Amino acid sequence: MLLIIGATGKIGRNLVAECRSKSIPFRLAVRDQQKARLEFGDDVDSVLFDYDVQNTYAHALSGVDKLFFIAPSPDAPDQVEKLIDVMEDEGVRQMVFSSGRTTGDIPGKPLHQVENLVRQSRIHHTILRPGWFMQNFLNWIGLTVLQEKKFYLPAGDAQTAFVDVRDIAAVACEVLTSECCHGETLELTSEEALSHFEVARKISSVLGRRVRYVPLGEEEYLEKMKSLGWSENTAGKMTDLYRVVKTGKEAEISGDIRKVLGRAPISFDTFLGDYQSEFRERYLEAH
Ligand SMILES: NC(=O)c1ccc[n+]([C@@H]2O[C@H](COP(=O)([O-])OP(=O)(O)OC[C@H]3O[C@@H](n4cnc5c(N)ncnc54)[C@H](OP(=O)(O)O)[C@@H]3O)[C@@H](O)[C@H]2O)c1
């Protein structure tokens, strides 16, 4: 049985769709089973699992041979260490951990620590390191667009090779159901690096209305996000991540999606076309 942790999140719900389209049996490990039934239907197979409640781990992993998971926040390394112990005890054979490209390789960062725990385990494993999600423009990056027709980031003119979360899910599904990529760390990006100015132009062109990207300095960004209700801690973490983006690291294009799926990754233009009505709803409602 394949167990999915983070199923109600952006990657997880696409992995559920991917498994359903390929008739792959799966079970969801969720902290709210009613929420899972509402989202995925009454017939969905789920089990109670909460990273913060360690006595849910063993029951959730019973009978599981494959696991997809994302890291919890903020206590990721301690909780994943315990999770991997339980996986080994319960005889899990394979795991796919979805990490993050920005900090997955930076010593001391939680995702780097979790990656090391995964690599040190006795279980067959593959680590996915996705770049920044295209879908972020439909949630937190888009927070200000309805009112202000602008979005704000401390990203300067740095380029990013974004990834569509549907591709992350497709790669996870392929790895979990084939002999591909054991022991590998896969970098998941589209094949085009864009600045946020270019993204704003693309979104504007799809909407037929001008949407502007406003690059902010770190202090200005912190203040802006706090004024929108973010905590100092969350705004600070995001600022740290964009400090890495500004080094140009996220602009590097990887061929790993093509290698695993045998097709090109979803481009930003295709993403915009596929989600046009969501963009209209999110960005234009008040106009
Ligand atoms: N956004 C990006 O651009 C980006 C890029 C690269 C990597 N990443 C990484 O991707 C990961 C997030 O993936 P995502 O965006 O798919 O997730 P997400 O949309 O943020 O959703 C989080 C998921 O984790 C579940 N969860 C939260 N706390 C939990 C707990 N205590 N126990 C069990 N489940 C819990 C949530 O369940 P509930 O429904 O119960 O809340 C939800 O299913 C993070 O590690 C992030 O650093 C993000």
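The values are calculated or read from the model by the stated rules, or taken from the named source; none is laboratory data. Because the structure is predicted, anything quoted here is derived from the model rather than measured. Methodologically, a virtual Cβ is constructed for each residue, glycine included, from the backbone with ideal geometry; neighbour enumeration extends over all protein chains shown.
Quick notes on this structure:
- Elements of the type helices (runs of 4 or more DSSP H) sitting completely within the stretch 86-180 and holding at least 2 residues that are buried (at least 16 other Cβ atoms within 10 Å of the Cβ): these cover 110-120, 165-176.
- When GLU219, GLU198 are checked against the criterion of being closer than 16 Å to GLY131 by Cβ and either part of a helix (DSSP H, G or I) or not hydrophobic (A, V, I, L, M, F, W, C) (or both), GLU198 stands alone in meeting it.
- Among residues of the stretch 16-45, those that are surrounded by 14 or more Cβ atoms within 10 Å (Cβ to Cβ), within 24 Å of LYS82 (Cα to Cα) and within 11 Å of the ligand (Cβ to nearest atom), counted: 5
- Every pair of residues 6+ apart whose Cβ atoms lie under 7 Å, when the first sits in the stretch 101-114 and is within 12 Å of the ligand (Cβ to nearest atom) while the second is among the acidic types (Asp, Glu): ARG101/GLU187; ARG101/GLU250; THR102/GLU250; GLY104/GLU115; HIS112/ASP105
- Filter result (within 14 Å of the ligand (Cβ to nearest atom), at pLDDT 95 or above and not aromatic (Phe, Trp, Tyr)) within the stretch 53-76: VAL53, GLN54, ASN55, THR56, HIS59, ALA60, LEU61, LEU67, ILE70, ALA71
- Some residue of the stretch 31-45 being assigned by TED's automatic domain parsing to the domain that holds LEU111, of a type in the set (Val, Ile, Thr), within 29 Å of GLN113 (Cα to Cα) and out of contact with any Cys (no Cβ under 6 Å at 6 or more places or on another chain): no
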